[in-house]
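The values are calculated or read from the model by the stated rules, or taken from the named source; none is laboratory data. Please read these numbers as outputs of a predicted model, since none were measured by experiment. Backbone-built Cβ (ideal geometry, glycine too); neighbour counts: all protein chains shown. Areas reflect the complete protein model, heavy atoms only, side chains present, ligands, DNA and RNA absent. Shrake-Rupley method; radii C 1.70, N 1.55, O 1.52, S 1.80 Å.
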Amino acid sequence: MALRHFLSLLDLSADELQALLKRAAKLKALQQQRSSHEILKNRVLAMIFEKSSTRTRVSFESAMAQAGGHAIFMSPRDTQFGRGEPLEDSARVLSGMVDCVMIRTFKQKDLERFAEHATIPVINALTDEYHPCQLLADMLTYQERRGSIQGKTVAWVGDGFNMCHSYVNAARRFDFTLRIAAPASNQPDPAIIEAAGKHVEIVKDPRDAVTDADLVVTDVWASMGQEEETSQRMEIFAAYQINQEMMKLASEDALFMHCLPAHRGEEVTADVIDGPQSVVWDEAGNRLHSQKALLEFLIMGAPA
Ligand code: CP
Ligand code: NVA
């Protein structure tokens, strides 16, 4: 199989993404039955984290263990990444030792540079531009609860940052309409929006974004690396909180998602995230199954 990477959702076709979610559902059933599925036996994943993580680390590491493989956690603090070894050299070295590399870093360009010099699949585990692994879990969760998302309306309320950009790409690949309400100072990248054409609508008022929406999604107001802007952002984003009033405007059976970690009382109220429309725990749990399917697809090729 030709070398494939997963640097953004657009690296997979719509058909490949659908097949991957179908496979994820199958792997989830096997895991829930505690049925052996050593589909990555003796394969090794290197996990490079330049930012913190709970879900991403544990889901990738568990996925490899359950599939009969192994994962290696690498942080800049105790590897040569933190001491300035060129990315290109690290990419070549790891390509000779492991079967796949997962990277969480700041710049998408660094991830792309690493992938250019790797001869094994490279996975984006979050950059400032995208978080495509999260979207696999989100789309699986929506399908489980409501069936196909095609033709539905999704509201993105909050920062036009990495999660928002990945939702834009998901709108293209899964064929839904994404309504984005973000403050003027934190709009998504215009090039990413433009490329999505009719799949994306930008609105000013967050209430217009959520009205009649089938899915309401938000994220933290200050992402990793933006901690110093936190107090300023609290003011900028104050009108963008997802609360009961906002959820009442959405479709009656609308779901609420958040990639987590969440800040109750900031971007979402406790009664929404802990309420009946919230599917955040399934969403987090589905990281495991969807990424297991992704690892299989990239390392072994598409399953029959
Ligand atoms: N949603 C997500 O990626 O969580 P972590 O930062 O804990 O990995
Ligand atoms: N936008 C958040 C997502 C965390 C999973 C961040 O980048 O910190």
- prompt: Given the protein chains as shown and a 1.4 Å probe, how many square angstrom of residue 97 are accessible, to the nearest 10?
  reply: 130
- request: Mind running the shape call on segment 190-300? Use the C-alpha gyration tensor, a ≥ b ≥ c as the square roots of the eigenvalues: rounded below 1.5 for a/c, prolate if a/b tops b/c, oblate otherwise.
  value: rounded
task: Please tell me the relative contact order of segment 198-304 in percent, rounded to the nearest whole number, where contacts are Cα pairs under 8 Å and at least six residues apart.
output: 27
message: With angles folded into 0 to 90 degrees, how steeply does helix 162-174 sit against the dominant principal axis of the chain? Use alpha carbons for both and round to 10.
response: 90
task: Filter the chymotrypsin sites (Phe, Trp or Tyr not before Pro) in segment 144-246 to those in DSSP coil with at most 11 other Cβ atoms within 10 Å of their Cβ, and list the result.
output: none
message: Just to confirm the filter: which trypsin sites (Lys or Arg not before Pro) across segment 1-48 are DSSP coil and have at most 12 other Cβ within 10 angstrom of their Cβ?
response: 34, 41
field: Percentage relative contact order, segment 137-202, counting C-alpha pairs under 8 Å, at least six apart
entry: 34
field: Simple spin-label estimate for residue 146 and residue 79 in nanometres, 7 Å along Cα-Cβ
entry: 3.8
- prompt: If we count every other residue with Cβ under 14 angstrom of residue 92's Cβ, Lys/Arg +1 and Asp/Glu -1, where does the sum land?
  reply: -3
statement: Carbon/sulfur accessible area of segment 145-241, % of total, 1.4 Å probe, equals 46
message: Using only Cα atoms and rounding to the nearest 10 degrees, what angle (0 to 90) does helix 14-32 make with the longest principal axis of the chain?
response: 80
message: Quick check: residue separation of residue 205 and residue 4 times 0.36 nm, minus the Cα distance between them. What number comes out in nm?
response: 68.4 nm
- line: Taking GluC sites (Glu not before Pro) in a DSSP loop with at most 14 other Cβ atoms within 10 angstrom as exposed, one finds the longest site-free stretch of the chain at 39-251
- prompt: Lys pairs in the chain, Cα-Cα under 19 Å, at least 8 apart or on separate chains: how many?
  reply: 11
query: ³J(HN,Hα) across segment 234-250 via Karplus (A = 6.51, B = -1.76, C = 1.60, θ = phi - 60°), whole Hz, x for Gly/Pro?
result: 4, 6, 4, 9, 3, 7, 9, 6, 8, 10, 4, 4, 5, 5, 5, 6, 6
Amide H partners (placed H, <5 Å) of residue 102, local residues excluded: 46, 47, 48, 123
- prompt: If you take the beta carbon distance between residue 248 and residue 36 as r and set R0 to 30 Å, what does 1/(1 + (r/R0)^6) give as a FRET efficiency, to the nearest 0.05?
  reply: 0.05
message: Using a 1.4 Å probe on the protein heavy atoms, what percent of the accessible area of segment 67-117 belongs to carbon and sulfur?
response: 51
task: Classify segment 126-223 as rounded, prolate or oblate, taking a ≥ b ≥ c as the square roots of the eigenvalues of its Cα gyration tensor: rounded when a/c is under 1.5, otherwise prolate if a/b is larger than b/c and oblate if not.
output: rounded
- line: With a Förster distance of 45 angstrom and the Cβ-Cβ distance between residue 212 and residue 29, calculated FRET efficiency to the nearest 0.05 equals 0.85
field: Residue list for segment 63-79, given a label point 7 angstrom along the Cα-to-Cβ vector of residue 300 and an amide N cut-off under 20 Å
entry: 63-72
- request: Tell me the label-point distance for the pair residue 13, residue 119, using the 7 Å Cα-to-Cβ offset, in nm and rounded to one decimal.
  value: 2.8
Accessible area per residue, Å², segment 148-304 with all protein chains present, probe 1.4 Å: 41
statement: Whole-Hz Karplus couplings 3J(HN,Hα) for segment 271-287, θ = phi - 60° and coefficients 6.51, -1.76, 1.60, Gly and Pro as x, run 5, 7, 5, 9, x, x, 8, 7, 10, 5, 6, 4, 4, 5, x, 6, 4
- line: With the 1.4 Å probe rolled over protein heavy atoms, segment 1-137 has an accessible area per residue in Å² of 47
field: Cleavage-rule hits (trypsin sites (Lys or Arg not before Pro)) in segment 90-185: DSSP loop, at most 11 neighbouring Cβ within 10 angstrom
entry: none
message: Please list 3J(HN,Hα) in residue order for segment 185-199, calculated via the Karplus relation 6.51 cos²θ - 1.76 cosθ + 1.60 where θ = phi - 60°; whole Hz, with x for glycine and proline.
response: 7, 9, 6, x, 4, x, 5, 5, 5, 4, 5, 8, x, 5, 6
message: If the only charges are +1 at each Lys and Arg Cβ and -1 at each Asp and Glu Cβ, what is the size of the charge dipole of the chain around the Cα centre, to the nearest 20 debye?
response: 1060
query: Once the piece of chain linking residue 281 and residue 187 is laid out straight, how much longer is it, given 0.36 nm per residue of separation minus the C-alpha distance between them?
result: 31.1 nm
